[in-house]
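What follows is a short report on a single structure.
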Amino acid sequence: MTRIETTQPARRGQPGRPRGAGAVGWAVFGVLGEVLMTLGVLIGLFVVWQLWWTDVAAGQEQAQAVADLRWEEPVTAPAPVERTDEPPVLEEPEELTTFATLQVPRWGEDYVQPITQGVGQDVLDHLGVGHYPGTAMPGGVGNHAVAAHRVTYGKPFNRVAELELGDPLVVRTEGTWYVYRVTSTEIVLPHQVEVIAPVPGEPGAAPVDRRMTLTTCHPMFSAEERFIVHAELDHWMPVADGTPAALDGGA
Amino acid sequence: MYGWLWRALPGPTPVRALLAVVLVLGVVAACFTWVFPAIAPLMPFNDITVD
């Protein structure tokens with residue numbers, strides 16, 4: 001392209017050149033435009049941070065929390081006895097203490113998440129799965145209720161809607177495996193705390209069963225409702241005895 | 001605003017460009033580290049518990 005017919009002045013808007021009120025008006029417009037564009041870019045950056053970076057950062061923290069437990073690798077015994085008698089139940093630990101892991105074969109063989117005491121942002125936005133204080137501990141009579149993000153922050157419960165009735169949820173404390181099986185799922189409003197009652201749906205009723213409940217957001221990217229998964233203890237076994245068949249490709 | 005910033009940066013054009021990139025990265029890092037974590041709880045899509 002040969003465009004030499006017009007020679008532009010080298011610089012536009014040289015400082016110090018006197019201009020009228022109209023020019024000042026345009027300058028204000030220009031700054032306003034730049035501020036708005038900057039805001040747009042910052043909002044875009046926030047979306048990148050929320051949808052991508054929180055997963056990266058929290059995912060690392062969650063993997064680290066599992067590694068930091070330094071528990072012994074479970075032994076793989078041929079046919080560990082699936083016990084249904086009274087299981088050992090831990091005392092509730094202090095807030096922010098990671099006391100168990102959760103494995104869900106439906107969500108992949110490699111899926112392992114730490115379970116940490118508390119459901120504040122310091123737990124859920126960093127360590128993943130949080131245990132509602134005051135609800136039963138793993139294996140206990142009542143309702144072992146836990147919450148986790150379904151999107152962002154490592155999204156531990158991202159695939160919650162894929163769970164089917166009978167799917168195992170395997171909780172491990174240092175010495176014990178607890179194998180729960182999904183009994184029902186439901187979608188409720190955020191204030192329906194009866195889903196984590198000792199007998200789900202019947203607050204005040206005395207529990208006899210050993211249940212577990214997962215809560216997460218629904219629909220995805222919204223806090224309008226909650227997706228709830230109820231499960232019931234199927235069996236337990238000491239970690240020293242072997243690994244549950246549910247984690248070994250079996251059902 | 002950005003025109004003023006560009007003129008305020010010292011040095012020849014490559015140095016100014018480098019400084020501008022450093023400034024942008026600094027702002028992004030500050031947002032990721034402090035600003036966004038601080039405003040995320042105010043967003044209406046991060047609640048997952050029943051209460």
(message) For the stretch A:167-201, which positions are assigned to a loop (DSSP other than H, G, I, E, B), among the polar types (S, T, N, Q) and over 26 Å from A:Trp71 (Cα atoms)?
(response) A:Gln192
(request) Those residues that are in contact with a helix residue (DSSP H, G or I) (Cβ under 8 Å, 6 or more places away or on another chain), buried (at least 18 other Cβ atoms within 10 Å of the Cβ), farther than 18 Å from A:Met137 by Cα and more than 10 Å from chain B (Cβ to nearest Cβ), I need them from the stretch A:197-247; list them, please. (result) A:Ala246, A:Leu247
(message) Conditions first: (1) touching a residue at least 40 places away in the same chain (Cβ under 8 Å); (2) assigned to a strand (DSSP E or B). A:Arg226 passes all but one, so which condition is the exception?
(response) (1)
(request) For the stretch B:1-38, enumerate the residues that are surrounded by 13 or more Cβ atoms within 10 Å (Cβ to Cβ) and under 30 Å from A:Glu225 (Cα atoms). (result) B:Cys31, B:Phe32, B:Val35, B:Phe36, B:Pro37
(request) Test B:Phe32 against the criterion of being within 11 Å of chain A (Cβ to nearest Cβ) and under 17 Å from the mean Cα position of the chain (by Cα), and give yes or no. (result) yes
(request) Pull up the stretch A:115-129, narrow it to residues that are farther than 17 Å from A:Ala57 by Cβ and within 10 Å of chain B (Cβ to nearest Cβ), then point me to the one that is surrounded by the fewest Cβ atoms within 10 Å (Cβ to Cβ). (result) A:Gly120
(request) Only residues that are touching an Asp or Glu at 6+ places or on another chain (Cβ under 8 Å) and not hydrophobic (A, V, I, L, M, F, W, C): list them for the stretch A:95-113, please. (result) A:Thr98, A:Pro105, A:Arg106
(request) Output the residues belonging to the stretch A:71-85 that are within 16 Å of A:Tyr180 (Cα to Cα) and without any contact (Cβ under 8 Å) to a residue 40 or more places away in the chain. (result) A:Asp85
(request) Evaluate the stretch A:147-156: report whether one residue or more is among the aromatic types (Phe, Trp, Tyr) and away from chain B (no Cβ under 14 Å). (result) no
(request) Working only within the stretch A:140-152, note down all residues that are surrounded by fewer than 22 Cβ atoms within 10 Å (Cβ to Cβ) and in contact with a strand residue (DSSP E or B) (Cβ under 6 Å, 6 or more places away or on another chain). (result) A:Val141
(message) Here's a check for you: in the stretch A:157-192, which residue that is away from every other protein chain (no Cβ under 14 Å) and loosely packed, with under 15 Cβ neighbours inside 10 Å is nearest to the chain's Cα centre (by Cα)?
(response) A:Arg159
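A short reminder: the numbers here are calculations on the coordinates, not readings from a lab. Just so it is clear, the structure is predicted and the values come from calculations on it, not from any experiment. For neighbour counting, all protein chains shown are included, and Cβ atoms are generated from backbone atoms with ideal geometry for every residue, glycine included.
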